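Notes for the one structure printed next.
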Amino acid sequence: MNRAHHRSAPKRTAGKAKLVEVAWYDTHTGSGSWDAIATHAHHELDNPFLCHSVGWLIGRSYGRAGHVVLLQSHTERGTGVDTVTIPAGCIKRVRRLK
């Protein structure tokens, strides 16, 4: 473990962030096979992947390029690991957890 990394960590802690669940549609690829374009379009429209991620909401931006950033693990020292950035256009809902 690199202790210098811990000393230089940002002061913002997840303790002040809201714990949320984000329901979002994943972007994904199709079957990987050569099929008629209509076949691909039909498959993709019928099979959206709705995902659920839970974490501390540490960042949010709005507009066309908006997104949310979730932190999945943190320590009492103010360090964290494993973030996920989800584009706003993919988000179905954000629900605060207690």
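Every read-out reported here was derived from the displayed coordinates using simple, explicitly stated rules and does not represent laboratory data. Given the structure is predicted, the values throughout are model-derived calculations rather than measurements. So basically every Cβ, Gly included, is an ideal-geometry build from the backbone, and we count neighbours across all protein chains shown.
Modelled spin labels at S61 and T75, positioned 7 Å past Cα toward Cβ, are 2.9 nm from each other. Spin-label model, H52 to A23: label points 7 Å out along the Cα-to-beta-carbon direction sit 0.9 nm apart.
Summing Lys and Arg as +1 and Asp and Glu as -1 over all other residues whose Cβ lies under 14 Å from the Cβ of V22 gives a net charge of +4.
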